[in-house]
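Reviewing the structure listed below.
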Amino acid sequence: MAAPDQRIRPVEGGLEPPRLDIPAVNQIFDLCRAMSLWPMTFGLACCAIEMMAVGMARFDISRFGAEVFRPSPRQSDLMIVAGTVAKKMAPAVVRLYEQMPAPKFVMALGNCAISGGPFSFKGQYGIVEGVDKLVPVDVYVPGCPPRPEGLLEGLFQIQRKMTGKRFWPVPEMPPVEGEQA
Ligand code: SF4
């Protein structure tokens, strides 16, 4: 039997945030956290281009409180895994996740992060078939790549998970330049 690959080891989920015995105060904390998520800059492949697009004026993720992309896991509470996770990268993914302060959340953006890839990567010896084999994933956004609106919808789902409420409508898809409306 082949030895287990030490680079692929799942880690436990994030710690629960401290809770008070006053539900109204907890709700305020949850709302403040949900409306000020700090995503980690963590692009691994082509899906990262869509992640960059949500930071631009057209999609403008800052409208939803998540524009402060941080280069350090210690200042981030949302890991957007955007792209293909190679086995060589796996220990770094786990290390970064472990360095994020709790409560923390993970979005698997695109088919590569969800299941290893659409066709050409899946099943290859060097690819992790889904980042949920390494860290707990809170929301999956499918597509190759998903459109930026998909990432926004994923963000809304995480906000709903944090607060129990949905605050924004489903993002509209504006026509792509050059396409017929
Ligand atoms: S899902 Fe498609 S677009 Fe995204 S990283 Fe994989 S191959 Fe690239």
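Summary of computed values
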quantity: Per-peptide average of other Cβ atoms within 10 Å, ordering 48-56, 62-70 highest first; calculated: 48-56, 62-70
quantity: The stretch 39-163 shape via C-alpha gyration tensor axes, a/c threshold 1.5; calculated: oblate
quantity: Distance (nanometres) between label positions extended 7 Å along Cα→Cβ at residue 95 and residue 63; calculated: 3.9
quantity: Kirkwood hydrodynamic radius of the stretch 128-170, from inverse mean 1/r over distinct Cα pairs, in Å; calculated: 11.5
quantity: FRET efficiency for residue 22 and residue 74, using Cβ-Cβ distance with R0 set to 30 Å, rounded to 0.05; calculated: 0.55
quantity: Solvent-accessible area, 1.4 Å probe, carbon plus sulfur percent, for the stretch 39-163; calculated: 57
quantity: Neighbourhood charge, 14 Å Cβ-Cβ cut-off, centred on residue 43 and excluding it, Lys, Arg +1 and Asp, Glu -1; calculated: 0
quantity: Whole-number accessible area per residue in Å² for the stretch 24-85, which is evaluated in the context of all protein chains at 1.4 Å; calculated: 47
quantity: Difference of contour (0.36 nm per residue) and Cα-Cα distance, residue 144 to residue 41; calculated: 35.1 nm
quantity: Extension gain from residue 161 to residue 31, taking 0.36 nm per residue of separation minus the Cα-Cα distance; calculated: 45.7 nm
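The values are calculated or read from the model by the stated rules, or taken from the named source; none is laboratory data. These numbers come from a predicted model, not from an experiment. Please note: Cβ atoms are built from the backbone with ideal geometry, for glycine as well, and neighbour counts cover all protein chains shown. These accessible areas exclude ligands, DNA and RNA; they are computed on the full protein's heavy atoms, side chains included. Shrake-Rupley method; radii C 1.70, N 1.55, O 1.52, S 1.80 Å.
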